[in-house]
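Scroll down for the structure; my scribbles are underneath it.
The values are calculated or read from the model by the stated rules, or taken from the named source; none is laboratory data. The shown structure was predicted, so the numbers you read here are calculated from the model rather than taken from an experiment. For neighbour counting, all protein chains shown are included, and Cβ atoms are generated from backbone atoms with ideal geometry for every residue, glycine included.
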Amino acid sequence: MALRDKFAALGARDPEGFTRAEMDEGVPHLARFRLLRGLWSEHIDAHRDSAATWIANTRRELQRNPSGPFSDAGQVLLRLVDELGVSPEEIGTLARWVAFETIFGVLYRLDEPDLTEDDVSEMLQEQLPSWLLVEVTGRDPVPTGRTLEGLHEDLLGLDPSGQDGRPELPVE
């Protein structure tokens with residue numbers, strides 16, 4: 001029950017299902033859920049939900065430092081808004097998609113560290129370091145021994161809206 005309550009507190013649509021899966025499979029579904037839902041709220045949906053704010057921040061930063069990092073992207077952004085009349089909501093929708101694609105790519109790379117790199121010989125690839133994402137517990141992290149794998153496979157399905165990245169349908 002405590003595990004189910006944690007899933008429910010984090011907003012899982014099916015806390016019982018996640019709990020059963022974790023107990024039956026021994027897969028750290030709570031850690032997976034926490035990571036993926038956090039990515040949605042803090043790094044994917046945040047682009048859509050606060051577009052007007054980060055557009056205004058971009059405008060201020062360009063005035064302060066017109067040749068700073070990514071200033072070219074900021075200039076394109078402001079041209080879209082000021083000259084072409086693209087709304088902050090539309091910009092936010094596009095930014096949300098770019099954020100999703102970027103996070104998906106990073107998660108895929110975490111899951112598949114041994115992807116063939118064209119400019120590296122096969123022999124050298126065998127000698128290169130790799131990585132593994134592991135679940136930990138407590139304030140002083142203690143590894144549980146369980147790994148988080150296949151995260152990219154579940155990212156879309158953990159969209160907090162339940163829409164799997166699709167636009168919400170208008171209410172009729």
Fill in the blank from the handout: When restricted to Val106, Val136, Val81, the only residue at pLDDT 90 or above, touching a Pro at 6+ places or on another chain (Cβ under 6 Å) and on the phi < 0 side of the Ramachandran plot is Val136
Completion exercise
Residue set Gln127, Gln75; condition surrounded by 12 or more Cβ atoms within 10 Å (Cβ to Cβ) and more than 19 Å from Asp164 (Cβ to Cβ); output residue Gln75
Fill in the blank from the handout: Residue count, the range 71-90, condition in contact (Cβ under 8 Å) with a residue 24 or more places away in the chain and more than 14 Å from Asn57 (Cα to Cα), comes to 1
Completion exercise
Within the range 157-172, residues free of Cβ contacts under 8 Å to residues at least 12 places away in the same chain and aliphatic (A, V, I, L, M) come out as Leu169, Val171
Exercise for the section: Take the range 123-152 and flag every residue that is in contact (Cβ under 8 Å) with a residue 12 or more places away in the chain, of a type in the set (D, E, K, R) and either under 30 Å from Arg48 (Cβ atoms) or out of contact with any strand residue (DSSP E or B) (no Cβ under 7 Å at 6 or more places or on another chain) (or both). Expected result: Glu135, Glu149
